[in-house]
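So the structure is just underneath, and the comments pick up after that.
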Amino acid sequence: MSTVTSAWAAHEHLMIPGPCRLDPDDEEILGRPIQPHYGAHWVPRLRQALADLSALLGSRHTYLIPGSGSAALDAAMSNLFEPGQRVVVVESGYFGARLAAMARAHGLVVATVPCEPGLPVDPRRVAEVLPGSDGVLVTHVETATAVRHPVRQLAELAHAQGAVILVDAVAAAGGEHIDMTGMGLDALVTASQKGLGGAPGLGVVALTDRGRDRVHSRSCRPPTWFFDLLTWDRAARESPDWEPTPVTMPTNLVHVLASSVARIHAVGAQAFLARRAALAAECREGLRRLGLAVSAPEECAASLVVVARDPRADRIREHLGRNAGIMVAGGLTPYAEHEAFRIGLVGRAASGPMVELLLHEIGEALR
């Protein structure tokens, strides 16, 4: 075990890009006795969770699927595309490369568009390789670089060529402005454990009408029962008031997510997002004052994750773990693990006092 890893043995504060530490009210919900995934008590709560997610994302058709964000991406790709179709993937960093790998696993022909490290993709480069493609796949916020990519512009390019756009918003939802219908985002995937403030274990697949039309226009159904969204539609249609899902749902995880997303709406989504953006800007400015390089220009910097680059990254991470009980994450491609660290502003870490504590301890580590 490395010294950095061992320093996290008793971490008190998670300041990684996910999973997040839950709100105390949601921790209490998570510990309640398990309830069944059917019946008059359950169905209204599930419906409300889906309605609140749809309102937050600007989607028309939203699915909660047991599993990670990667499971939800598998579901989205399975339903939107067929083997042999061509897609353009923005290779934005670690998670952009994962999108490309997943697309190839689905039998898709992949054309990648690389990004300059720490910068958003140039839409003109996407436009150059887009003709003849059936889809564009892009990570809204690349966790490795903390860069927000221009998904609205990419959607316009995709639609002009008759293609659909699939957005990986796992590190964006609950932190960035998202209006799928208004921005033309046909399909979007996220997960419960980051900006949405829930516990890990739920993937979200959201579609606009255009995305749903693509799902229904396939020449044949995907070779999966669990991930076929029509399986989920059929269950909702056949048993809407008793058991509207085809599988056993992790009910406590849904209750936690419902509570967390309801809290966002209670504040007001725009006010909530503005707070997240301001907190991330405060964190970046504090890091710069300490002499650290911050990935991502301000005009495209993410709200849920901040990436700092410094040759002393391991030393900083070790100090944070040992002396303050703070866990931050190491660098990911295109940055080496030892030359960067990633700060997650999600869950309980998304607060002014936590950012102040973090900056103070980084300053101590650099003495």
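Read-outs: derived from the displayed coordinates by stated rules, not from any lab. Keep in mind the model is a prediction, meaning the values are calculated, not measured. Here the Cβ is made from the backbone with ideal geometry for all residues, glycine too, and neighbour counts use every protein chain on show.
Quick notes
- Whether segment 158-279 is rounded, prolate or oblate, judged on the alpha carbon gyration tensor where a/c under 1.5 counts as rounded: oblate
- Nearest-ten-degree value, helix 151-160 long axis tilted from longest Cα axis of the chain: 30
- Prolate/oblate/rounded label for segment 277-334 (Cα gyration tensor, a/c 1.5): prolate
- Here the 3J(HN,Hα) profile of segment 116-129, calculated from phi with Karplus coefficients 6.51, -1.76 and 1.60 at θ = phi - 60°, is 5, x, x, 10, x, 5, 7, x, 5, 6, 5, 4, 5, 9 Hz, Gly and Pro shown as x.
- Working from Cα pairs under 8 Å separated by at least six residues, relative contact order for the chain is 26 percent.
- DSSP-defined antiparallel bridges as percent of all bridges, the chain, nearest 5: 55
- Rounded to whole numbers, the Karplus 3J(HN,Hα) couplings from phi for segment 335-342 are 9, 6, 4, 7, 10, 8, 9, 10 Hz, using 6.51 cos²θ - 1.76 cosθ + 1.60 with θ = phi - 60°, and x at Gly and Pro.
- Distant-in-sequence amide H partners of T112 (H built 1.01 Å from N, under 5 Å): V89
- Derived scalar couplings ³J(HN,Hα) [segment 193-204; Karplus, 6.51 cos²θ - 1.76 cosθ + 1.60; whole Hz; x for Gly, Pro]: 9, 10, x, 6, x, x, 8, x, x, 10, x, 10
- Counting beta carbons within 10 Å around each of Y94, Y63 and listing the fewest first gives the order Y94, Y63.
- Cα gyration tensor, the chain - rounded (a/c under 1.5), prolate or oblate: oblate
- Least to most buried among F226, F272, F341 (fewest other Cβ within 10 Å first): F226, F272, F341
- Built amide H within the under 5 Å cut-off of I326, gap 5+: E12, H13, G321
- Sequence of I178, I165 once ranked by neighbouring C-beta atoms within 10 Å, starting from the fewest: I178, I165
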